[in-house]
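Report on one structure; see the data block that follows.
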Amino acid sequence: MLTIELNNHSINCHIEYGKRKKVSITMDLPYMVTIKAPNGTSEDMIRQLVEQHGDVILKKSALMQQALDGPQAKEYEDEGKGSSCFLARNMHCMN
């Protein structure tokens, strides 16, 4: 496992070597990627590729983290009755 620091975030890289011609980077979890590389690819080359695509990896990681956190409940004050929780989306009533 290779760990690379990008903009105060640690990117954990799982590297798989095999008979292939190109390198592929796949997002597994936020700030975790799988890199498939040709046999003999150096760690420095992989580090350069991750740094080169760092902006995209960080953006996708942030979006994945938001999706995993799920929707947040909104609270509304109820004129002295405390707060209530609103979990529904806009709904249409049929008359």
All but one of (1) open to solvent by 100 Å² or more (accessible area, probe 1.4 Å); (2) modelled with pLDDT of 90 or more; (3) of a type in the set (D, E, K, R); (4) not in a loop (DSSP other than H, G, I, E, B) hold for E75; state the number of the condition that does not hold. (2)
Every residue from region 14-63 that is closer than 12 Å to I4 by Cα and over 20 Å from the mean Cα position of the chain (by Cα): E43, D44
Checking N7 against (1) on the phi > 0 side of the Ramachandran plot; (2) in contact with a strand residue (DSSP E or B) (Cβ under 8 Å, 6 or more places away or on another chain), which test does it fail? (2)
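The values are calculated or read from the model by the stated rules, or taken from the named source; none is laboratory data. Everything numeric in this text was worked out from a predicted model, so none of it was measured. Virtual Cβ from ideal backbone geometry, glycine too; neighbours counted across all protein chains shown. The accessibility values were calculated without ligands, DNA or RNA, using every heavy atom of the protein model including side chains. Shrake-Rupley method; radii C 1.70, N 1.55, O 1.52, S 1.80 Å.
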